[in-house]
Every structure is written in C-alpha cells, then in structure tokens.
Amino acid sequence: MECRHLLAVATAVLLLVAGARVRAGEADAPRLLHVAGGDFPALVMVVPDEHAVHGLQAPPTCERIRARRVDELAPGWRTRVSRIELDCEDTLADDAKESLTAVTARALLQPDRVQLAGLPVAEVRLMDSQRWGDHQYVLAAPFAAAGPAIRRFVEDNCLARTLADEAPATACTMLEADDGLYLPTSDAGGIWIHVDPDDATRTLYVEAWAD
C-alpha cells in the first residue's frame, strides 16, 4: 500500500510540473497581433531641424528622414518586426511644379505574429509623399483564398461604422476592379484588395489616396 501511495504522489507531482510547464510555455508564446486596417505602424521618423526659426520647419527632405529602429516602434510591433528597410527620394511632382519627398518603408515581420482577417501578414509597406499615400499589408496567401475573406472583413467593418449614420448598405459593397476589389472611402482614395504584382502567391490589402 505504501508503495502504491508513493507512486500516486509521484505521478501527481509529475502531472503538476508538466501542467506548470505547459502554462509557462503558453505565457511565453508571443500572442498574435490582429490588425484591421488603418492601424499601420509608423516605420520612419523625422529628425528635428536644428536651424528651424520660431518653431517653424520646412517640409522634411530625405536628409532628415530615417527608418525607425525596431525598439523605437510602438510596443505592439517591437516583437513582431524583424527588419525595416527605407528608400527615400527628393523629386518633383508629375507636373514638375512642386518638389516633394517620396518615402518607401518596408517592415519584414516575424512569421505567424500578425494576422488580418485570420490570414498571416508577412510585410508592411508604406509609401508616402506630399501628394499621395499607399499603405499595404502583404498577406502570405494567394488572392483566390484571401480575397473573399478580406472582402467580408472590409465590408463588415464598413457596415459597422456606417450603421449609426444610416448610410446605404451599397456604400459598403466592394466593387470589382481589373485586378481585384475596390471600396471607395473618400473622394481621394479607398481600399484595394489584389494580387501582389511581385509575388503571385501573396495578396495585398491596400489603403491609398492621391490628390
């Protein structure tokens, strides 16, 4: 009897230790970050102009723009971004009448850390200037699989936002575009879903505007 009792106690202790290890592992495992659009991380920063007068500064040029370090990102992104790449160009607008700074920032993400509509996000791409903005989540899924899921996600979110305003439901129906789907959100831009032109196995969720 004593041996059986000792065996039972030892088994119970082992089960408790195993359970504690499982719980500790779950606690240490990185939780998924669920993004919803409109919540892109800030990947670049402007270095203050030491020669600014009375707090007024000219629009920043590339010499004052740099990529953020990973530890400078918002807390939710620091453990999910592996690397940030930056390209910047001081150029002219299409009409050659206005100088502008075109910034392209790209964040490579840790695998299985970020999701949109239940789909894995592999990259964040942000393209900005004084005349346009193009912000993208790059989904690690082909358009045939990702398109319908993201469409439901976008339309459901749109309906939830417009319900209180009693906006017509048709305003939240995505339109068929040449290479995907489109939902206008203002006179200047909207949301696009389409195949990544650089990789047919990936899908882009895009929020863009242009003047």
Evaluation of Ala96 against (1) part of a strand (DSSP E or B); (2) at pLDDT below 95 (one fails), failing number:
(1)
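Inspect region 58-70 for any residue being open to solvent by less than 40 Å² (accessible area, probe 1.4 Å), part of a helix (DSSP H, G or I), under 22 Å from Gly118 (Cα atoms) and modelled with pLDDT of 90 or more and give the result as yes or no.
Pass one, region 58-70, residues open to solvent by less than 40 Å² (accessible area, probe 1.4 Å): 62, 64-65, 67.
Next cut, part of a helix (DSSP H, G or I) only: 62, 64.
Checking the rest, the ones that are also under 22 Å from Gly118 (Cα atoms) come to none.
Among the residues of region 58-70, not one is open to solvent by less than 40 Å² (accessible area, probe 1.4 Å), part of a helix (DSSP H, G or I), under 22 Å from Gly118 (Cα atoms) and modelled with pLDDT of 90 or more, which makes the answer no.
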Could you list, ordered by first residue, the pairs with Cβ atoms under 7 Å in which the first is in region 146-159 and within 15 Å of Gly190 (Cβ to Cβ) and the second is open to solvent by less than 40 Å² (accessible area, probe 1.4 Å) and not aliphatic (A, V, I, L, M), at least 6 apart or interchain?
Ile150/Tyr205; Glu155/Cys172; Cys158/Cys172
Out of (1) under 23 Å from Gly118 (Cβ atoms); (2) open to solvent by 80 Å² or more (accessible area, probe 1.4 Å); (3) modelled with pLDDT under 95, the odd one out for Asp187 is which?
(1)
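Would you be able to tell me the number of residues in region 150-164 that are closer than 17 Å to Ala177 by Cα and surrounded by fewer than 19 Cβ atoms within 10 Å (Cβ to Cβ)? Lay out the reasoning, then the answer.
At the first step, the residues of region 150-164 found to be closer than 17 Å to Ala177 by Cα are 150-152, 154-155.
Then drop every residue that is not surrounded by fewer than 19 Cβ atoms within 10 Å (Cβ to Cβ), which leaves 151-152, 155.
Counting residues in region 150-164 that are closer than 17 Å to Ala177 by Cα and surrounded by fewer than 19 Cβ atoms within 10 Å (Cβ to Cβ) gives 3.
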Determine if region 99-113 includes at least one residue that is over 26 Å from Thr185 (Cα atoms) and surrounded by 15 or more Cβ atoms within 10 Å (Cβ to Cβ).
yes
Residues that are farther than 21 Å from Val44 by Cβ and more than 17 Å from the chain's Cα centre (by Cα): does region 124-143 have at least one?
yes
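The values are calculated or read from the model by the stated rules, or taken from the named source; none is laboratory data. All values reported here derive from a predicted model rather than from experimental measurement. As a convention, Cβ positions derive from the backbone with ideal geometry for all residues, glycine included, and neighbour counts pool all protein chains shown. The accessibility values were calculated without ligands, DNA or RNA, using every heavy atom of the protein model including side chains. Shrake-Rupley method; radii C 1.70, N 1.55, O 1.52, S 1.80 Å.
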